[in-house]
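Each remark here refers to the structure printed beneath this line.
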Amino acid sequence: MVVKKMGLLTERQIEVLKLRAQGLTQEEVAKKLQTSRENVTILEKRAYQNIKLARETLAALKTFGISTSVVIKPGTHLVDIPRLILDKADEANIKVRANFTRIFDEIRFKASDKVKRSRVIRQIIVKILPNGDFTVE
């Protein structure tokens with residue numbers, strides 16, 4: 001049996017997490033996936049362990065200064081932010097795994113409380129990780 005992975009999670013783990021997020025019990029998920037409740041328990045537990053590991057890894061990268069920070073100051077126009085991030089990544093020789101639209105959308109979504117209309121009203125910090133991913137704080 002070939003297990004396909006999506007990041008740190010297997011397709012089956014993601015499937016279990018999606019069904020549980022929809023409110024299904026482990027027993028209902030087991031019936032739907034034609035497996036045992038015990039197997040669903042194991043899949044769910046391992047998925048959450050992998051998610052925890054990923055969060056701890058990101059925290060370590062931020063804590064030890066391995067990531068590159070971009071400080072977006074109040075008054076900055078939203079359409080200027082992707083270029084600021086991409087320029088900083090270029091300086092650090094990191095290829096960002098996102099295009100203009102994804103960066104723009106993530107800023108609008110994850111920092112919505114720091115943006116009013118098309119301008120930044122409170123400082124936003126973006127961390128660019130060595131693998132090209134980024135986080136918005």
Legend entry - Count - residues of the range 1-30 that are surrounded by 13 or more Cβ atoms within 10 Å (Cβ to Cβ) and either of a type outside the set (A, V, I, L, M, F, W, C) or on the phi > 0 side of the Ramachandran plot (or both): 7
Inset, instruction - Provide a single number: the residues in the range 56-74 that are out of contact with any Pro (no Cβ under 8 Å at 6 or more places or on another chain), assigned to a loop (DSSP other than H, G, I, E, B) and closer than 21 Å to Asp105 by Cβ. - result: 2
Legend entry - Set Leu53, Leu58: member being surrounded by fewer than 17 Cβ atoms within 10 Å (Cβ to Cβ) and touching a strand residue (DSSP E or B) at 6+ places or on another chain (Cβ under 8 Å): Leu58
Legend entry - Tally of residues being among the small types (Gly, Ala, Ser) and touching a residue at least 40 places away in the same chain (Cβ under 8 Å) across the range 45-76: 4
Legend entry - Residue satisfying condition, being more than 17 Å from the chain's Cα centre (by Cα) and either within 21 Å of Pro130 (Cα to Cα) or aliphatic (A, V, I, L, M) (or both), within set Asn93, Asn99, Asn50, Asn39: Asn93
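Laboratory data are not the source of any read-out in this text; all were calculated from the coordinates shown. Source: prediction; values computed, not measured. As a convention, Cβ positions derive from the backbone with ideal geometry for all residues, glycine included, and neighbour counts pool all protein chains shown.
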